[in-house]
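All remarks here apply to the structure that follows.
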Amino acid sequence: KYQPFRIGSEGQLPTFSTSQMPPDVESRRHELRSFLEQSFEQRSNLEVSRMHREAYEAARRLQNVHQVFKIDDQWEKHRELYGESAFGRRCLLARQLVEAGVPFIEVGQSSYDSHADNFAWHQGLVPPMEHAWAGLLADLADRGLLDKTLVVWTGEIGRTPNINNRAGRDHYVRCWSTALAGCGIKGGLMYGESDEDGYDVKDNPVSEGDFFATIYHALSIDPTAENYAGVRPIPLAPFGAKVVKDLMA
């Protein structure tokens, strides 16, 4: 039910086998499938059946929104704003998905695991990424979407302040930075500070729990709420996590 839908690096959709069927054929199949699903669900009362039907419905709706994924015309108008990069195209697609009402979107950029040749790698990666990030925020703001869209720019881990013997940086978990924008986040603010060499947090540390609690708060979700797997409670944020209120406008 919660499996993400993955899109290619240039925004291409997978080919659907039903996409070339006459509309009346797909409509009849959908009606028959819905009837069978509902009948089975009523007889068996299985949660799996309901989830299966919802997954089919979601897939069917997706086939009707191909226009959202066609960004060539938009790209010609916005390539200067987003920059000449594949990451820029992905950010433009993300903006179109936001406009279409998609609630969660992840835009990935790989090759940052620079255990060797860190500086050479980053000279090619960072400028296009920063260009696209700035363009995305500006585009969302111009369309009145930034106030209700939270943009989180982060990696999974930090990098060592020191350089290894291969001119690279290794994994580091004690201190690193992230960025938030939109959805009530105060702009132009730097929160927290590392020591001079970047080895440890010096002031205003933010734990992983605090980080996620702040994200939930910005999205008007109670960070102390719990989901359940059977009878087992699963908290959205760790117990004791605190919202960083200084980040909120």
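If you filter segment 84-149 for chymotrypsin sites (Phe, Trp or Tyr not before Pro), then keep DSSP loop positions with at most 14 other Cβ within 10 Å, what is left?
Working: sites: 87, 104, 112, 119, 121, 133; in loops: 104, 112.
Sparse-neighbourhood loop chymotrypsin sites (Phe, Trp or Tyr not before Pro): 104.
Stretch residue 123-residue 249 to full length: gain in nm at 0.36 nm per residue minus the Cα-Cα span? Could you put the intermediate results ahead of the total?
On the way: separation 126, 0.36 × 126 = 45.36 nm, distance 3.38 nm.
Roughly 42.0 nm would be gained on extension.
In whole Å, what is the distance between the alpha-carbon centres of segment 95-133 and segment 143-158?
Each part's Cα centre sits 12 Å from the other's.
Name the GluC sites (Glu not before Pro) in segment 88-133 that are in a loop by DSSP and that have at most 16 other C-beta atoms within 10 Å, would you?
Numbers: sites: 99, 106, 130; in loops: 106.
For GluC sites (Glu not before Pro) across segment 88-133 that sit outside H, G, I, E and B with at most 16 neighbouring Cβ atoms in 10 Å, the list reads 106.
Skipping prolines and chain starts, which residues have an amide H placed within reach, meaning under 5 Å, of the one on residue 202, given they are 5 or more residues away or on another chain?
193, 194, 195
Taking amide H atoms as placed 1.01 Å from N in the peptide plane, list the residues 5 or more away in sequence, or in a different chain, whose amide H sits under 5 Å from that of residue 248.
For residue 248, whose amide H was placed from the backbone, the distant partners under 5 Å are 186.
Is segment 174-249 best put as rounded, prolate or oblate by its Cα gyration tensor, with a ≥ b ≥ c the root eigenvalues, rounded for a/c under 1.5, and otherwise prolate when a/b is larger than b/c, oblate when not? Provide the component values of the computation, followed by the final result.
Numbers: a/c = 3.17, a/b = 1.58, b/c = 2.01.
It is oblate, given that a/c is not under 1.5 and a/b is not larger than b/c.
What residues from segment 100-129 fall in the zone where the backbone N is under 19 Å from a label point 7 Å along the Cα-to-C-beta line of residue 190?
Taking a point 7 Å out along Cα→Cβ of residue 190, the residues of segment 100-129 whose backbone N falls under 19 Å are 127.
For segment 91-156, calculate the relative contact order in percent as a whole number, restricting contacts to Cα pairs under 8 Å that are 6 or more residues apart.
On the way: 21 pairs, mean separation 22.5, N = 66.
Computed over segment 91-156, the figure is 34 percent.
What is the distance, in nm, between label points placed 7 Å from the Cα along the Cα-to-Cβ direction at residue 202 and at residue 55?
Each label point is offset 7 Å from its Cα along the Cβ direction, giving 5.2 nm.
Quick check for me: using +1 on Lys/Arg Cβ and -1 on Asp/Glu Cβ, what's the dipole size of segment 144-246 about its Cα centre, in debye to the nearest 20?
Working: 10 positive and 14 negative charges, 57 e Å.
My answer is approximately 280 debye.
Could you tell me the extents of segment 94-186's C-alpha atoms along the three principal axes, largest first, rounded to whole Å?
48, 26, 21
Which values of log₁₀ I(q)/I(0), to two decimal places, follow from the Debye formula for segment 68-145 at q = 0.15, 0.18, 0.26 Å⁻¹ with a uniform point scatterer at every Cα?
Values, matching the q order: -0.54, -0.73, -1.25.
I need the shape label for segment 92-247. Rule: rounded when a/c is under 1.5, else prolate if a/b > b/c, else oblate, with a, b, c from the alpha carbon gyration tensor.
Numbers: a/c = 1.74, a/b = 1.21, b/c = 1.44.
Since a/c reaches 1.5 but b/c is at least a/b, the shape of segment 92-247 is classed as oblate.
Compute the length gained on full extension between residue 5 and residue 86: take 0.36 nm times their separation in residues and subtract their Cα-Cα distance, giving the result in nm to one decimal. Could you put the intermediate results ahead of the total?
Values: separation 81, 0.36 × 81 = 29.16 nm, distance 1.89 nm.
That pair, residue 5 and residue 86, stretches by 27.3 nm at full extension.
Express in nm, to one decimal, how much length is gained between residue 166 and residue 222 on full extension, taking 0.36 nm for each residue of separation and deducting their alpha carbon distance. Provide the component values of the computation, followed by the final result.
Details: separation 56, 0.36 × 56 = 20.16 nm, distance 4.52 nm.
Difference between extended and current length: 15.6 nm.
The numbers here are math on the coordinates, done by the rules we state, and not lab data. Computed from a prediction, not measured in an experiment: that's the story for all the values here. Note that each Cβ is placed from the backbone with ideal geometry, even for glycine, and that neighbours are counted across all protein chains shown.
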